[in-house]
Amino acid sequence: MTKQSAKTTHFGYREVAEDQKAGMVHGVFTNVASKYDVMNDVMSGGVHRIWKDAMMDWLAPQSGQRLLDVAGGTGDISFRFLKRAPLANAVVLDLTESMLVEGRKRAEADAMAGHLNWVVGDAMALPFEDNSFDVYTISFGIRNVTRIGDALSEAYRVLRPGGRLMVLEFSQLPNAAMQKAYDLYSFNVIPRMGKLIANDRDSYQYLVESIRKFPNQDRFAAMISDAGFDQVKYRNLTMGVAALHSGWKI
């Protein structure tokens, strides 16, 4: 393939070669891993915890289920899942090993060790057999994937018939004035927090830009349907700052 015909994608507001993005995302999360959980609390004022609990409320975990939590990072979603369904099993998969290392340090990881596995892997090429999981979750991670459609297709492949996909991701506010106010906060405050707390302004600048590049609620719902999922629905959280998307493999 010639340089001129190479496929490109976005890394925040930058246009980069597709084959470079995964490495760049890996670099971002390697840099912020040790401060990732602290920054989540600071950036959202703790509201991310409410969003994740809302995800569990809609998901309604059941004992005996097998969860695949993609881009699972430090384990927040898997821990919540297993607290509600102690006899379930969860696999936390992430492209960045240092994020998993941080997750294993958490007290919940020891308490749930018999029901929890940590795997380094790529959302676009999952290292699992077809029809292996009852539930697939990805929380604040799918916007970082190079080809979102490929990740959704992989989610469909590894889910068993009757399995469920649920995505928690930043989204778009339906009111232009509110969106503008949120953007002012995001672009002016969050990178500065990243510099102050994690000593990394650039990574948080990318994360803010990646939110703005992500498809809105209706377009992302259409992508989930295109991947083969049925009964696709979404719910806005905090007026659309984030959204939960649900779909079923029928």
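Observations, loosely collected:
- Among 141-148, 168-175, the order from most to least packed when residues are scored by Cβ within 10 Å on average: 141-148, 168-175
- Cross-link pairs beyond the 27 Å C-alpha cut-off, checked among 83/233; 105/233; 35/83; 7/213; 52/180; 83/249: 105/233
- Inter-site label distance for residue 60 and residue 181 at 7 Å from Cα along Cβ, in nm: 3.6 nm
- Sequence of 55, 239 once ranked by neighbouring C-beta atoms within 10 Å, starting from the fewest: 239, 55
- Our summary of shape: the Cα atoms of the range 105-176 have principal axis extents of 47, 31, 24 Å, ordered from largest down, in whole angstrom.
- Across the range 89-99, coupling constants 3J(HN,Hα) worked out from phi with the 6.51/-1.76/1.60 Karplus curve, θ = phi - 60°, read 10, 9, 10, 9, 10, 8, 5, 10, 5, 5, 5 Hz, and Gly and Pro carry x.
- Rounded to the nearest 500, the helix-only mean residue ellipticity at 222 nm of the chain stands at -14500 deg cm²/dmol, with each DSSP H run of n ≥ 4 adding -39,500 (n - 2.57).
- Cα radius of gyration and Dmax for the range 1-127 (Å): 16.6, 53
- When the Cα positions of 113, 26, 232 are compared along the charge dipole of the chain, 232 comes out farthest toward the positive end, with charges on each C-beta of Lys, Arg, Asp and Glu.
- On a per residue basis, the convex hull of the C-alpha atoms belonging to the range 138-250 measures out at 100 Å³.
- Length added when fully stretched, residue 19-residue 225, from 0.36 nm per residue minus Cα-Cα: 71.5 nm
Quick note: the coordinates plus some simple rules give every number you see, no bench work behind them. Just so you know, these numbers come straight off a predicted model, no measurement behind them. Heads up, the Cβs are rebuilt from the backbone with ideal geometry, glycines too, and the neighbour counts pull from every protein chain shown.
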